[in-house]
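For reference, the structure is listed below as structure tokens.
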Amino acid sequence: MNPLIPLFVALPLAGAFLIMILGRLIRHFDKVVASLILLFLLVISLISLFRTGGSVDVYKVGGWEAVNRIPIGIYMVLDGFSAIVLCIVNLIGFLSAVYSFSYISRYTSGNFFYALFCLMVAGMNGVVLSGDLFNIFVFLEISAISSYALVAFGVGKDELEATFKYQVLGAVASFLILFGIGLIYWKTRTLNIADVRMVLSSGYDRSFYLLVQIILLSGFGLKAAIIPFHAWLPDAHSSAPSPISAMLSGVLIKAIGIYVIIRLFFNMFAISEGMAVLITTLGTLSMFVGVFLAVGQWDIKRLLAYHSISQMGYVVLSAGIGMILIARGIRYEVAALAIAGGIFHLINHAAFKSLLFLNAGAIEYATGTRDLKEMGGLAKSMPATSATSFVASLSISGIPPFNGFFSKLIIIVAAVMARFYLLAALAALVSIITLASFMKFQRYAFYDQDPDRKKTRAREVPFPMLFSMIILGVICLLLSLLAFPEVRELILTPATDILTDPSKYSSQITGA
Amino acid sequence: MTVYYLCFILFLTGLYGVITRRNLVKIAISLSIMEFSIFLLLALIGYTDGGVAPIVDPSDPLRTYVDPLPQAMVLTAIVIGLATTAMLMAVIIRIYRKYGTFDIREINSLRG
């Protein structure tokens, strides 16, 4: 039992309340406390990432032990996969908090901002660590409600409209999720994910669980903005303050959407080929349609938001390929490769998409516009922003030696080895269109100055913003190391093992 | 079984309201209807015919009790629902101050 696990939820929650009480009295209390808490959580999540390995670490809240092998307490589970997602959440959280030091001067009441920020991180950490279905719902609502408030933080016309759409669709998603959880409890009389798996392994009603799976897939799909459910994402992600866009696009849709889908469909339900094909189709659709919606955009943040949908498609697609192979019971090593590629791309996307949103925030901070047509020639006046956004653009379009290249390569190789040639070709095509779209972004924002227009008086942004962007740029390069077999075995293999082995997760937790 | 179908019909009523209503406040009310239909379903899942409140009476071991866990879930979910509804109403009031209308057709500054 690892005593550090509950700190991931308790510390940011405590931080949020302390900031609300003491933030008015002490100057800079909010900034210092929020970033110190996130830095500490980042350190312990990195330690647990390296220490967890293939083991499954369970913390029973309140010390309630299982009775007759039936778990009755609240379980918090730390395994290879959740450790990776925890690292991403706290890393991007820390860097966004540092970035907000200067960015927040655009708005009033920084106290509320940091308190909501801490609540959102607490909710995401809770979803990732939770070992039972109802707690996933509770933590998901904590992070969702604080993200609704954060999207509306500017209280302008656009922000309010975006947050209204986001809230209505988010509420429908939450009801679907609660409905699905209720149906599961009805049949199995348990909420613990591992225990549900045990109950299902002794036979289940196929058509009933098909309904449950589809309800849960639509609920979490709405949260993750997979294509037929994506309508809220471009509005919400482009209207939010930039550090919050980085959090929403970089980690929120992964932690409360993709992570839970992968966890539930691999570790709780028995994998059926029909659902696997459905998930692969949804992933391909998001990947393909998302990039075409992005091409025509002139608002930088809206362009980046559509690319998030497309890049998440890669992750869902590779998880789907893994599911199909496992359902057919053939070629587990290819399934493991596909899933490893998906998780690798999930990590990479967190790094480069957060960096791009922070760049967009820096451009908006310096020039006051988000429209690509009104920019130009920023490369001279903002060298650091220009350089980091160049790194991120090359990463997202999959140019070696940046991280995006290796994860896309692994996904395409896995698709070819699984004989899904069409999917491999589509993935390569989408990558090329992404490159074109980001060349447009680079050209209009940083180069190509219109000689007729008067010189823009943009200056480089303050140090805290530069710090976050440069660190993320370095991380984009360093993550390429995950492609090497030694590093991959240390970090990605434990996560893929827990997902590909159908009963490892449940048997380690229930001890059966 | 009828009562489960009634629950589902209530859910669909709420969904119909969310899709067809044009007034922001009515959309919020429809969302609440959907929410309460799910709370009802959860309470029904815990119901046992002839069951009493689950306070164990050692002198009568054969007594049937209702399942307390869905009730705890409903209480938690009601609190969460209160938070979402309050947040939604706050946003609606802010929208009314900015746009001067509750009509969703006139709130369309975001496109594309």
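Any residue in region A:308-324 that is surrounded by fewer than 24 Cβ atoms within 10 Å (Cβ to Cβ), touching a residue at least 12 places away in the same chain (Cβ under 8 Å) and out of contact with any strand residue (DSSP E or B) (no Cβ under 7 Å at 6 or more places or on another chain)? Yes, region A:308-324 contains at least one residue that is surrounded by fewer than 24 Cβ atoms within 10 Å (Cβ to Cβ), touching a residue at least 12 places away in the same chain (Cβ under 8 Å) and out of contact with any strand residue (DSSP E or B) (no Cβ under 7 Å at 6 or more places or on another chain). Residues that are of a type outside the set (A, V, I, L, M) and surrounded by 24 or more Cβ atoms within 10 Å (Cβ to Cβ) occur at least once in region A:332-341.
Look through A:SER407, A:SER389 and report the one residue that is under 17 Å from A:SER310 (Cα atoms) and within 22 Å of the chain's Cα centre (by Cα).
A:SER407
All conditions in (1) closer than 30 Å to A:SER503 by Cα; (2) surrounded by 20 or more Cβ atoms within 10 Å (Cβ to Cβ) hold for A:ASN2, with the sole exception of (2).
Select from region A:204-237 the residues that are among the hydroxyl-bearing types (Ser, Thr, Tyr) and without any contact (Cβ under 8 Å) to a residue 60 or more places away in the chain and list them in ascending order. Give the derivation first.
Within region A:204-237, the first condition is being among the hydroxyl-bearing types (Ser, Thr, Tyr), and the residues that meet it are A:204, A:207, A:209, A:218.
A:SER207, A:SER218 - these are the residues of region A:204-237 that are among the hydroxyl-bearing types (Ser, Thr, Tyr) and without any contact (Cβ under 8 Å) to a residue 60 or more places away in the chain.
Which one is surrounded by the fewest Cβ atoms within 10 Å (Cβ to Cβ), of the residues in region A:190-227 that are more than 30 Å from B:ALA72 (Cβ to Cβ) and modelled with pLDDT of 90 or more? Ranking the qualifying residues of region A:190-227, first place goes to A:ALA225. Applying the criterion of being free of Cβ contacts under 8 Å to residues at least 40 places away in the same chain and among the basic types (Lys, Arg) to the residues of region B:22-69, the residue that is farthest from the other protein chains (Cβ to nearest Cβ) is B:ARG63. Annotation: B:TYR5 fulfils all but one of (1) over 13 Å from the mean Cα position of the chain (by Cα); (2) within 12 Å of chain A (Cβ to nearest Cβ); (3) part of a helix (DSSP H, G or I); the unmet one is (2). Candidates in region A:260-297 are the residues that are under 28 Å from A:GLY126 (Cβ atoms) and of a type in the set (Phe, Trp, Tyr); of these, the one that is farthest from the other protein chains (Cβ to nearest Cβ) is A:PHE266.
Any chance region A:281-302 includes a residue that's touching a Pro at 6+ places or on another chain (Cβ under 6 Å) and under 23 Å from A:LEU429 (Cα atoms)? Yes: one or more hits. The set of residues in region A:1-55 that are among the small types (Gly, Ala, Ser) and not in a loop (DSSP other than H, G, I, E, B) comprises A:ALA10, A:ALA14, A:GLY15, A:ALA16, A:ALA34, A:SER35, A:SER45, A:SER48. Give region A:149-166 a look and list any residue that's facing chain B (nearest Cβ under 7 Å), among the hydrophobic types (A, V, I, L, M, F, W, C) and crowded, with 22+ Cβ neighbours inside 10 Å, or say none. Within region A:149-166, A:ALA152, A:LEU160, A:ALA162, A:PHE164 qualify.
Within the option set A:ALA327, A:ALA335, A:ALA360, being over 15 Å from A:ILE261 (Cβ atoms), modelled with pLDDT under 95 and touching an Asp or Glu at 6+ places or on another chain (Cβ under 8 Å) holds for one residue only, A:ALA327. The residues listed here are A:SER109, A:SER102, A:SER146, A:SER130; of these, the one that is of a type in the set (Ser, Thr, Tyr), away from chain B (no Cβ under 13 Å) and buried (at least 21 other Cβ atoms within 10 Å of the Cβ) is A:SER130. Considering every residue within region B:88-97, establish whether at least one is hydroxyl-bearing (Ser, Thr, Tyr) and either surrounded by fewer than 12 Cβ atoms within 10 Å (Cβ to Cβ) or under 23 Å from A:GLU141 (Cβ atoms) (or both). Checking region B:88-97: not a single residue is hydroxyl-bearing (Ser, Thr, Tyr) and either surrounded by fewer than 12 Cβ atoms within 10 Å (Cβ to Cβ) or under 23 Å from A:GLU141 (Cβ atoms) (or both).
A:ALA122 meets the conditions (1) at pLDDT 95 or above; (2) of a type in the set (Gly, Ala, Ser); (3) in a loop (DSSP other than H, G, I, E, B) in every case but one. The failed one is (3). The helices (runs of 4 or more DSSP H) found wholly in region A:367-461 and carrying at least 1 residues that are among the aromatic types (Phe, Trp, Tyr) and under 21 Å from A:TYR99 (Cβ atoms) occupy A:383-396, A:421-446. The criterion of at least 1 residues that are of a type in the set (Lys, Arg) and on the phi < 0 side of the Ramachandran plot is met, among helices (runs of 4 or more DSSP H) falling completely within region A:168-244, by A:193-201, A:206-224.
Taking the criterion of being facing chain B (nearest Cβ under 10 Å), touching a residue at least 40 places away in the same chain (Cβ under 8 Å) and not hydroxyl-bearing (Ser, Thr, Tyr), the only residue of region A:185-203 that qualifies is A:LEU191.
A residue that is within 14 Å of chain B (Cβ to nearest Cβ) and modelled with pLDDT under 95 cannot be found anywhere in region A:241-254. Contact map, region B:84-104: first residue facing chain A (nearest Cβ under 7 Å), second residue of a type in the set (S, T, N, Q), Cβ cut-off under 6 Å, separation 6 or more or different chains; pairs are B:LEU88/A:GLN167; B:VAL91/A:THR163.
Any residue that is modelled with pLDDT of 85 or more, of a type in the set (Asp, Glu), within 26 Å of A:ILE84 (Cα to Cα) and touching a Gly at 6+ places or on another chain (Cβ under 9 Å) - is there at least one of those in region A:487-494? No, that holds for no residue. Inspection of region B:28-48 finds a residue satisfying the criterion of being assigned to a helix (DSSP H, G or I), among the acidic types (Asp, Glu) and surrounded by 15 or more Cβ atoms within 10 Å (Cβ to Cβ). Of the set (1) more than 30 Å from A:LEU490 (Cα to Cα); (2) within 20 Å of the chain's Cα centre (by Cα); (3) of a type outside the set (A, V, I, L, M, F, W, C), all apply to A:PRO12 but (1).
Just wondering, is there one or more residues in region A:211-218 that are among the polar types (S, T, N, Q), within 13 Å of chain B (Cβ to nearest Cβ), in contact with a Pro (Cβ under 9 Å, 6 or more places away or on another chain) and under 19 Å from B:GLY14 (Cβ atoms)? Yes, region A:211-218 has at least one match. Taking first residues from region A:328-345 that are under 11 Å from A:SER407 (Cα atoms) and partners that are assigned to a loop (DSSP other than H, G, I, E, B) and at pLDDT below 95, the Cβ contacts under 9 Å between residues at least 6 apart in sequence or on separate chains come to A:LEU337/A:ALA418; A:ALA338/A:ALA418. Return yes when A:GLY361 is in contact (Cβ under 8 Å) with a residue 24 or more places away in the chain, at positive phi and touching a helix residue (DSSP H, G or I) at 6+ places or on another chain (Cβ under 9 Å) and no when it is not. Taking the combined requirement at face value, the residue does not satisfy it.
If the condition is being surrounded by fewer than 18 Cβ atoms within 10 Å (Cβ to Cβ), in contact (Cβ under 8 Å) with a residue 60 or more places away in the chain, of a type in the set (A, V, I, L, M, F, W, C) and not in a strand (DSSP E or B), then region A:56-99 contributes only A:ALA66.
The values are calculated or read from the model by the stated rules, or taken from the named source; none is laboratory data. Owing to the predicted nature of the structure, the values given are computational and were not obtained by experimental measurement. Please note: Cβ atoms are built from the backbone with ideal geometry, for glycine as well, and neighbour counts cover all protein chains shown.
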